[in-house]
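Heads up: the structure comes next, in structure tokens.
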Amino acid sequence: MGWSNWSGLEHATPSRVVTPTSVDEVVAEVVAARTGGTTLKAAGTGHSFTAIASPGHGVHLLPGGMTGILAVDREALTVTARAGMQLKAFNAALEHLGLSLHNMGDIAEQTLSGAVSTGTHGTGGVASGLAAQLAGFTLVTGTGEVLPCSATENPEVFELGRVGLGALGVLVDVTFRVEPLFALEATEQPMSWTEFHGSFDAMAQQANHVDAYWFPHTDRLLTKQNSRLASLDEIEPLPRARAWFDDDFLQNTAFGALTAAANLAPGVIPRMNRMNASLLSARTYSDISHRVFTTERRVVFREMEYAVPRADGLEVLRECRRVIDASDLRISFPVELRVAPADDVPLSTASERDSFYLAFHTHKAAEHRAYFGLVEPILKAADGRPHWGKVHTRSAADLAPAYPRFGEFVALRDRLDPDRVFANDYLRRVLGA
Ligand SMILES: Cc1cc2nc3c(=O)[nH]c(=O)nc-3n(C[C@H](O)[C@H](O)[C@H](O)COP(=O)(O)OP(=O)(O)OC[C@H]3O[C@@H](n4cnc5c(N)ncnc54)[C@H](O)[C@@H]3O)c2cc1C
């Protein structure tokens, strides 16, 4: 019965747990919750670090009965799936169909509904996050109404509800715009702090997707540039043994053991980070896009991520480094840096502005509050927007000015969920009561 999220930070004991298998069952649950004066929360896989998905003491709808592909439109290049499908199953089904999402984040465990609802994004100068790739969805509102939404049907709900925070209703299906299956070549390269600052803008322009990891207390970064290959025939994946050693052993098994041990002796962390940074050597490989975008993450951590205006990103990073260096904190996890183009999704962290993302992590057994509390004021002062699914301390009053259409979203919530069937403590904090 009990619920906790992936990172183990949030827990709840719902009054009832249901796994609906049809839209009618979802409607019946929503209507019953509303009539009974209780709350209802549709769950994803719990990969949000915040309590956004917490069912509190209300009814908990699990996603496992609403999975699978519903429709493929090869002319319009759209694919509709039931909303509880996991991204990894969706990726596999798309590959089978010779199709692909345009871009995605770095894991594929999430549900489609959970990923779009919090504004899950990847990196790249031209390809936006998952919500901006939506062509439509069907929503069961807080009054039990079933609303098909797209640019032509209920367009205002479609526009505002693509990053809906689970506050507007239960998504029962989602339609993504897709493209023919493509391959990416990944070039990973260690860099010095100075070299990175001199070349980041050029890298971000040249590669389709650029990602970087700075190892705190060192001058070292690992950069990853993913560029599209002209043909699937050019694919050259890593040899199986090298892939296992780098991605499984070094990045999960060894990294997990080292960072766990470092919690007991934080003094060793700067030396450990230098060693970790030097172990990651340059490499190039290529594969079907989703296998390059995503990796397996077995080391459990906590994360805070902010989007700041793209042009200010490197200066904000330098400021964060200044305060980390001046503190007595010892941080064992790298800071991840990504970019995204402006999109038109009102509550997307990249809404209407090109964005630079900075993500801060700690091991699950390390105290994260002091670290996140140290850098969050810098991110906030830079007009930063926190990822809805990652730790932050912002609330409705100071989030409203960060999003030009925040008021419209709140008004839509009043209309679609007047009795707050979908409320929880997190939504009360970030949207108001
Ligand atoms: C290891 C790891 C790596 C990550 N990598 C990235 C990354 O690269 N980029 C990035 O942006 N984020 C990343 N995240 C964050 C993650 O993508 C988001 O937090 C995402 O929302 C998690 O999806 P989920 O299925 O676990 O949803 P949950 O966390 O379970 O739920 C998230 C929200 O979606 C709502 N929801 C779920 N299903 C429905 C539904 N059917 N109808 C309406 N609302 C629904 C929930 O109520 C809740 O509000 C990562 C997280 C982890 C733990």
### Task
Round to the nearest 0.05 the FRET efficiency obtained for Ala71 and Arg240 when R0 = 41 Å and r is the Cβ-Cβ distance.
0.70
### Task
Round to the nearest 10 and give me the degree value, 0 to 90, for the angle of helix 87-97's Cα axis relative to the longest principal axis of the chain.
90 degrees
## Note on the structure
In whole percent, the fraction of accessible protein surface over segment 69-180 that belongs to carbon or sulfur atoms, probe radius 1.4 Å, stands at 54 percent
#### Entry: Calculated over segment 183-386: convex hull of Cα atoms, volume per residue (Å³)
121 Å³
### Pairwise centroid distance, computed over Cα atoms, of segment 29-56 with segment 401-429, Å
15 Å
### Message
How much accessible area per residue does the chain have, counting only protein heavy atoms and a probe of 1.4 Å, in square angstrom?
### Response
39 Å²
### Query
Where the accessible area of segment 183-386 is counted over protein heavy atoms with a 1.4 Å probe, how much of it, in %, is carbon and sulfur?
53 percent
### Query
So for the chain, taking the charge dipole from beta-carbon charges (+1 Lys/Arg, -1 Asp/Glu), which of Pro270, Asn226, Ala207 sits furthest toward the positive end?
Pro270
### Task
Run through every distinct alpha carbon pair of segment 107-171 and return the Kirkwood hydrodynamic radius in angstroms, one decimal place.
12.2 Å
### Query
To the nearest 20 debye, what is the magnitude of the charge dipole of segment 183-386 about its Cα centre, counting +1 on the Cβ of each Lys and Arg and -1 on the Cβ of each Asp and Glu?
720 debye
### Task
May I ask which residue of Thr362, Met191, Thr295 lies farthest towards the positive end of the charge dipole of segment 183-386, with charges of +1 (Lys, Arg) and -1 (Asp, Glu) on Cβ and the Cα centre as origin?
Thr362
### Task
Calculate one ³J(HN,Hα) per residue across segment 16-27 by plugging θ = phi - 60° into the Karplus curve 6.51 cos²θ - 1.76 cosθ + 1.60, and present them in order as whole Hz with x for glycine and proline.
8, 10, 10, 10, x, 10, 8, 4, 4, 5, 4, 4
### CD proxy at 222 nm, helix term only [per DSSP H run n ≥ 4: -39500 (n - 2.57); per residue of the chain; nearest 500]
-8500 deg cm²/dmol
### Summary
the chain: relative contact order from alpha carbon pairs under 8 Å, six or more residues apart, as a whole percent, is 18 percent
### Message
Residue by residue through segment 328-339, what is 3J(HN,Hα) from phi via Karplus (6.51 cos²θ - 1.76 cosθ + 1.60, θ = phi - 60°)? Round to whole Hz and write x for glycine and proline.
### Response
9, 6, 10, 10, 8, 9, x, 8, 9, 10, 9, 9
### Query
Projected onto the charge dipole of the chain (+1 at Lys/Arg Cβ, -1 at Asp/Glu Cβ, origin at the Cα centre), which of Ala254, His96, Val345 gives the Cα projection farthest towards the positive end?
Ala254
### Query
Given the alpha-carbon gyration tensor of segment 121-257, what are the semi-axes of its equivalent ellipsoid in whole angstrom, ordered largest first, with each equal to the square root of 5 times an eigenvalue?
38, 19, 18
### Summary
To the nearest 10 degrees, the tilt of helix 193-206 (Cα long axis) against the first principal axis of the alpha carbons of the chain is 50 degrees
### Query
Roughly how many Å is it from the Cα centre of segment 254-273 to that of segment 211-234, as a whole number?
24 Å
### Query
Assigning unit charges at the beta carbon (Lys, Arg +1; Asp, Glu -1) and nothing else, what dipole magnitude in debye, to the nearest 20, does segment 10-152 show about its Cα centre?
180 debye
### Summary
Across the alpha-carbon set of segment 244-298, Rg over Rh with Rh taken as the Kirkwood radius works out to 1.05
### Query
Once the whole set of protein chains is in place, how much accessible area is left on His290, using a 1.4 Å probe, in Å² to the nearest 10?
30 Å²
#### Entry: Semi-axis lengths (Å, descending) of the ellipsoid that matches the C-alpha gyration tensor of segment 69-180
21, 15, 13
### Message
If packing is taken as the average number of other Cβ atoms within 10 Å across a peptide's residues, how do 373-385, 162-174 rank, most packed first?
### Response
162-174, 373-385
### Message
If the only charges are +1 at each Lys and Arg Cβ and -1 at each Asp and Glu Cβ, what is the size of the charge dipole of the chain around the Cα centre, to the nearest 20 debye?
### Response
1120 debye
### Query
What do the square roots of 5 times the Cα gyration tensor eigenvalues come to for the chain, in whole Å, largest first, as semi-axes of the equivalent ellipsoid?
34, 25, 20
### Task
State which stretch of the chain is the longest one without any exposed GluC sites (Glu not before Pro), exposure meaning a DSSP loop state and at most 15 other Cβ atoms within 10 Å.
154-295
#### Entry: Helix 406-416 vs. the chain, principal-axis angle (Cα, 0 to 90°, nearest 10)
40 degrees
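The values are calculated or read from the model by the stated rules, or taken from the named source; none is laboratory data. Every value quoted in this text rests on a predicted model; they were computed, and no experiment measured them. Ideal geometry is used to build each Cβ from the backbone, glycine not excepted, and the neighbour counts take in all protein chains shown. We work out accessible area using only protein heavy atoms, side chains counted, and drop any ligands, DNA or RNA first. Shrake-Rupley method; radii C 1.70, N 1.55, O 1.52, S 1.80 Å.
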